[in-house]
Amino acid sequence: TAWVGLSVGAVGGFGLARLFGESIARRFSESDDIERMSRFTQQHGATALMLTRALPILAEACVLMLGVGRLSWRQFLPPMLTSNFLLSLTYAACGAYFHGSNAFPVAIIASGAVPLIAALLIRRFWRPGGTPFAGNGGDEA
């Protein structure tokens, strides 16, 4: 089923990121960025995981970030399994509802546009080291 595939993929990515991700991230990132990511992971990891599971690209990036940030398996598995189950139910319900309709092209465009727009908004308004959506529109002080 979709739930098994989503879950196995997330476990594999998370596990590989926990094993190898930090050393790779240290090659391409500043130590301050890695420390900030680790703090975010410990404080908001489960919430971020549940909020991004339905968003292509962001879901996978979040799983990898949480693995690099060393979120514990105990903190990772319950929200991942729960959100994947709900996502699978949603996919099945949408598939049944739209079966035979011409909505497929719209769904493909939306599945790419929604995460792209979300990522652009986060990048624009999230101030590193600060609170989300605070400040003067993302301009550096």
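Quick look at the numbers
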{"item": "Condition broken by A48, with the remaining ones in (1) open to solvent by less than 90 Å² (accessible area, probe 1.4 Å); (2) more than 10 Å from the chain's Cα centre (by Cα); (3) closer than 26 Å to L86 by Cβ satisfied", "result": "(2)"}
{"item": "Residues located in region 57-72, provided they are assigned to a loop (DSSP other than H, G, I, E, B) and either under 23 Å from P115 (Cα atoms) or of a type outside the set (K, R) (or both)", "result": "I57, G69, L71, S72"}
{"item": "Where a residue in region 93-121 is under 16 Å from P56 (Cβ atoms) and its partner, wherever it lies, is exposed (fewer than 10 other Cβ atoms within 10 Å of the Cβ) and not basic (K, R), with Cβ under 7 Å and at least six apart", "result": "none"}
{"item": "Odd one out for H44 among (1) touching a helix residue (DSSP H, G or I) at 6+ places or on another chain (Cβ under 6 Å); (2) within 20 Å of P115 (Cβ to Cβ)", "result": "(1)"}
{"item": "Among residues of region 112-138, those that are open to solvent by less than 80 Å² (accessible area, probe 1.4 Å) and either in contact with a strand residue (DSSP E or B) (Cβ under 6 Å, 6 or more places away or on another chain) or modelled with pLDDT under 70 (or both), counted", "result": "8"}
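Quick grid of which residues meet (1) assigned to a helix (DSSP H, G or I); (2) modelled with pLDDT of 80 or more:
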position	(1), (2)
D33	yes, no
Q43	yes, yes
L49	yes, yes
L55	no, no
R74	yes, yes
F85	yes, yes
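The values are calculated or read from the model by the stated rules, or taken from the named source; none is laboratory data. Being a predicted model, the structure only gives us computed values, none of them experimental. Glycine also receives a Cβ, built like all others from the backbone with ideal geometry; neighbour counts cover every protein chain displayed. Ligands, DNA and RNA are excluded from the accessible area calculation, which covers all protein heavy atoms including side chains. Shrake-Rupley method; radii C 1.70, N 1.55, O 1.52, S 1.80 Å.
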